[in-house]
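First comes the structure, then the notes that go with it.
The values are calculated or read from the model by the stated rules, or taken from the named source; none is laboratory data. These numbers come from a predicted model, not from an experiment. Glycine also receives a Cβ, built like all others from the backbone with ideal geometry; neighbour counts cover every protein chain displayed. Heads up: the accessible areas ignore ligands, DNA and RNA and are worked out on the full protein's heavy atoms, side chains in. Shrake-Rupley method; radii C 1.70, N 1.55, O 1.52, S 1.80 Å.
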Amino acid sequence: MRDIGWIVLKDLRQQVRDRTIFIFGLIAPLAIAAALSLAFGGFFQTEEAVVFEFGVSNADAGGPISEAFSVAMAELESEGLIGITFHRDRPSLDRAVEEGEVDAGFFIPDGYSRAIVDGSKAEVVVVANPEAPVIAGVAASMAEQFALEVASASAAGATLAILAGFTPEQMVQAGLTASQANPPARVASLEAEVRQLDGPTYYSAGAAMFFMVFVVGVGLLSLLEERKRHTLARLLSSPVSPGRILAAKFILSITVGVGSVALFMLFSRFLLGARWVEPPITALLVVAAVGAAAGIVSLVAGWARTSEQAQNFQSVVAVAMGILGGTFFPISGGDSFLATLSLATPHAWFMRGLGDLSGGGGLGVVALPLVVLTCMAAVTLTISVLGARRRMRP
Amino acid sequence: MNTPVTAPAPDASPSVLQVEDLQKSYGEIHAVKGVSFEIAPGENYGLLGPNGAGKTTTIQMIAGVLAADGGRVTVCGKELTTTTTSVKSHIGWVPQEVALYDRLSARENLAFFGRMQGLSGKELANRVEEVLHLTALADRAGDKTIKFSGGMRRRLNIGIGLLHQPDLLILDEPTVGVDVQSRASILDQVAEMTRQGMAVLYTTHYIEEVERLCHRVGIIDHGTMIAEGTRAELVKMVGERDQVLITADGNLSEGTDRISELDGVHQAGITNEGMELLVDDATPLLPRVFETLTRSGVAASGVRVEEPDLEAVFLHLTGRALRD
């Protein structure tokens with residue numbers, strides 16, 4: 001095993017002397033996270049989590065479902081997750097959003113509850129500032145979540161009504177009564193990945209993940225470089241098995257990936273005010289995410305014939321996964337197909353894991369992201385190693 | 001003519017290297033077709049052949065970095081494959097290309113490859129210093145190799161192969177692209193290794209290096225060993241013939257074709273400088289040779305008549321000259 005260690009150490013020494021790793025692993029993500037945090041997240045708001053202010057205008061006053069919406073929003077406010085102000089009409093709400101009094105608003109049109117009971121078209125209007133796409137996405141996400149809950153409650157209610165022979169009015173009344181104990185619908189405060197992460201932490205996590213992909217292919221690139229410079233042939237002529245050389249290269253990838261994220265997290269804690277909670281569990285998430293990213297990058301870059309080509313492949317993968325994985329802007333607030341697609345990236349699961357973890361709860365709350373990331377890593381790394389074996393020749 | 005090797009005769013003890021019927025193909029191309037030879041301790045064996053003859057492929061299979069399709073390689077009595085790692089510690093391989101880490105210093109390169117060969121602690125530190133002195137790089141030991149000249153890099157490249165004091169040193173064209181001074185130094189080092197009892201397999205397409213260093217020579221062409229023996233044995237194959245080296249320019253292809261048809265001319269081949277002929281007796285033949293050259297549009301600027309050397313042997317065996 002010592003020979004593996006010496007190979008990793010030699011490669012690390014070369015990487016450190018090359019300095020590129022510091023640019024991609026530390027300087028670039030710090031710069032990007034700082035810029036994004038400054039633009040969207042309240043730069044240096046380090047002590048408290050960001051609380052979005054929402055306005056609500058309910059033109060369906062007295063409607064059981066619109067009331068449920070208002071109650072659910074008020075509950076979120078009482079938990080300190082959001083701020084709420086109520087507005088008498090739509091123009092007043094629009095003005096509040098326009099003038100920045102609130103970050104976004106929800107307008108419930110007249111007849112909203114009735115429309116839901118009748119099964120006709122009903123929607124909560126999200127009023128947002130187009131220059132604040134993140135908050136707009138968050139508000140849309142909350143409205144979508146509410147709509148889903150209502151749809152689910154309506155289906156259940158309709159079934160009950162048919163079974164009990166209720167009239168629509170009786171059904172609504174029954175719903176209202178029940179809602180006092182157990183509201184028929186709830187409003188999700190934010191989507192999982194942004195629910196509890198404040199701005200600096202969200203953008204730091206995104207930048208760390210985005211740039212980590214640029215450095216995590218170092219093992220495969222180093223193998224291709226060794227082949228190009230004939231040092232691989234020299235290694236193969238020594239009493240070290242090809243499997244050990246390959247193992248060293250993949251260990252190098254994981255080491256560099258984890259190292260760069262860890263270093264970045266440390267710097268972002270002090271420079272950007274990012275809050276990384278439960279370090280051991282966060283570390284597990286980082287290792288699993290780095291493993292998955294290393295596997296995916298190696299899998300794609302493994303098709304390359306030269307180290308230059310592999311670097312290009314790596315960049316394409318990094319940018320595509322970064323955007324798709326919602327490292328800079330939450331995807332889930334937008335198109336649902338994209339939201340589903342984003343789950344194919346380790347980025348989305350990493351961000352989700354961090355989001356879940358920041359609300360507390362320990363290992364249990366990040367079990368799903370952790371398992372998914374570990375499976376991604378296991379599958380992609382296995383295929384990558386098998387593919388890389390054909391590189392083990394002069 | 002170069003001075004033949006003056007090293008003591010090879011040891012009569014069992015072979016350090018035994019190569020039997022080695023074969024390798026790349027798709028349709030049969031690169032090595034059943035090459036066999038042996039090297040004794042303290043023997044310097046030259047593998048001579050033009051570019052593309054199969055020398056490097058043969059060497060890579062012997063070094064254990066390339067899997068053979070057929071045949072067997074035995075080093076110090078143990079069979080070698082690409083996966084039998086322990087046997088490889090008996091071999092020091094110096095690849096044709098300089099194989100160094102640019103961002104590491106000479107000392108770091110040596111230490112790393114020494115560790116890969118299983119050296120450690122004081123033994124490693126001592127060997128690194130010895131090799132640095134042997135390669136005359138002690139005063140630049142801490143410099144990154146990217147700052148080294150071509151000759152210095154070549155010397156370090158060889159030094160890495162010597163680090164673990166192997167029983168068999170394989171040198172694949174170690175002097176390609178090297179300045180005259182470094183080349184002389186490299187050849188001296190190799191001769192010294194042989195004197196110390198190391199078996200050396202030396203490939204080159206430079207005749208003078210083989211004649212200076214090697215006890216025995218194998219001539220390889222198109223993946224086949226076409227002749228093997230001491231220099232004297234090989235030259236004897238040519239017989240009592242003269243080797244005529246002509247410095248010339250022009251339509252050399254037509255010139256050699258026409259000269260080949262002259263009585264008394266056995267072989268004619270094109271070289272870097274002009275052409276090379278193998279003839280019965282050069283003196284009466286030369287006027288007709290020059291006349292033919294003139295008629296063929298070849299301008300000759302010089303001529304040398306020499307006793308046959310290994311170049312003449314290759315010409316005699318293949319009908320072609322060894323060319324760069």
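Filtering segment B:50-65 to residues that are of a type in the set (Gly, Ala, Ser) and either touching a helix residue (DSSP H, G or I) at 6+ places or on another chain (Cβ under 6 Å) or within 13 Å of chain A (Cβ to nearest Cβ) (or both) leaves B:Ala63, B:Gly64.
Residue-wise test of (1) open to solvent by less than 10 Å² (accessible area, probe 1.4 Å); (2) assigned by TED's automatic domain parsing to the domain that holds B:Gly114.
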| position | (1), (2) |
| --- | --- |
| B:Met152 | no, yes |
| B:Asp172 | yes, yes |
| B:Ala184 | no, yes |
| B:Thr194 | yes, yes |
| B:Ala199 | yes, yes |
| B:His205 | no, yes |
| B:Asp221 | no, yes |
| B:Gly255 | yes, no |
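Restricting attention to segment A:3-23, the residues that are away from chain B (no Cβ under 11 Å), open to solvent by less than 40 Å² (accessible area, probe 1.4 Å) and over 14 Å from A:Ile245 (Cβ atoms) add up to 1. Pairing residues of segment A:269-296 that are part of a helix (DSSP H, G or I) with residues that are open to solvent by 50 Å² or more (accessible area, probe 1.4 Å) and among the basic types (Lys, Arg), at Cβ distances under 8 Å and at least 6 apart in sequence or on separate chains, gives A:Arg269/A:Arg275.
If you take the residues of segment A:221-277 that are aliphatic (A, V, I, L, M) and within 10 Å of chain B (Cβ to nearest Cβ), which of them is farthest from B:Val65 (Cα to Cα)? Only one residue fits best here, namely A:Ile245. Determine which member of the set B:Val176, B:Val190 is touching a residue at least 60 places away in the same chain (Cβ under 8 Å), under 16 Å from the mean Cα position of the chain (by Cα) and surrounded by fewer than 18 Cβ atoms within 10 Å (Cβ to Cβ). Criteria check complete, one pass: B:Val176. When the helices (runs of 4 or more DSSP H) confined to segment A:190-263 are screened for residues that are at pLDDT below 90, over 19 Å from A:Pro29 (Cβ atoms) and open to solvent by 10 Å² or more (accessible area, probe 1.4 Å), those reaching at least 1 such residues are found at A:192-195, A:218-228. Just one residue in the set A:Ala283, A:Ala289 is within 17 Å of A:Ala377 (Cα to Cα) and either over 21 Å from the mean Cα position of the chain (by Cα) or surrounded by fewer than 19 Cβ atoms within 10 Å (Cβ to Cβ) (or both); that residue is A:Ala283. Set side by side, the residues B:Gly142, B:Gly118 differ, and just one is more than 10 Å from every other protein chain (Cβ to nearest Cβ) and either without any contact (Cβ under 8 Å) to a residue 60 or more places away in the chain or under 25 Å from the mean Cα position of the chain (by Cα) (or both), which is B:Gly142. Once segment B:103-115 is narrowed to residues that are facing another protein chain (nearest Cβ under 8 Å) and more than 26 Å from the chain's Cα centre (by Cα), the residue that is surrounded by the fewest Cβ atoms within 10 Å (Cβ to Cβ) is B:Arg103.
Residue count for segment A:50-76 satisfying the condition of being under 30 Å from the mean Cα position of the chain (by Cα), of a type in the set (Asp, Glu) and farther than 18 Å from A:Val127 by Cβ: 1.
Here is a yes/no grid of residues against (1) at pLDDT 80 or above; (2) in contact with a strand residue (DSSP E or B) (Cβ under 9 Å, 6 or more places away or on another chain); (3) closer than 30 Å to A:Asp198 by Cβ:
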residue: A:Gly63; (1), (2), (3): yes, yes, no
residue: A:Ala68; (1), (2), (3): yes, no, yes
residue: A:Glu79; (1), (2), (3): no, no, yes
residue: A:Ile84; (1), (2), (3): yes, yes, yes
residue: A:Tyr112; (1), (2), (3): yes, yes, no
residue: A:Asp118; (1), (2), (3): no, no, no
residue: A:Asn129; (1), (2), (3): no, yes, yes
residue: A:Gly137; (1), (2), (3): no, yes, yes
residue: A:Ala158; (1), (2), (3): no, no, no
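Output the number of residues of segment B:74-102 satisfying the condition of being more than 10 Å from chain A (Cβ to nearest Cβ), of a type outside the set (S, T, N, Q) and touching a residue at least 12 places away in the same chain (Cβ under 8 Å).
Filtering segment B:74-102 down to residues more than 10 Å from chain A (Cβ to nearest Cβ) leaves B:74-81.
From what's left, of a type outside the set (S, T, N, Q): B:75-80.
Filter again for touching a residue at least 12 places away in the same chain (Cβ under 8 Å), leaving B:75-78, B:80.
Total satisfying the criteria: 5.
Figure legend. Inter-residue proximity from segment A:76-90: first residues under 17 Å from A:Phe107 (Cα atoms), second residues open to solvent by 60 Å² or more (accessible area, probe 1.4 Å) and β-branched (Val, Ile, Thr), beta-carbon distance below 6 Å, spacing 6+ or different chains. Indicated pairs: A:Gly83/A:Val51.
Rundown of residues vs (1) under 18 Å from A:Met209 (Cα atoms); (2) of a type outside the set (Val, Ile, Thr), yes/no style:
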| position | (1), (2) |
| --- | --- |
| A:His347 | yes, yes |
| A:Arg352 | yes, yes |
| A:Leu357 | yes, yes |
| A:Gly361 | no, yes |
| A:Val365 | no, no |
| A:Val372 | yes, no |
| A:Ala378 | no, yes |
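B:Glu291: surrounded by fewer than 13 Cβ atoms within 10 Å (Cβ to Cβ), of a type outside the set (Lys, Arg) and closer than 22 Å to B:Ile207 by Cα, yes or no?
On the way: surrounded by fewer than 13 Cβ atoms within 10 Å (Cβ to Cβ): yes; of a type outside the set (Lys, Arg): yes; closer than 22 Å to B:Ile207 by Cα: no.
When the stated conditions are applied, B:Glu291 does not pass them.
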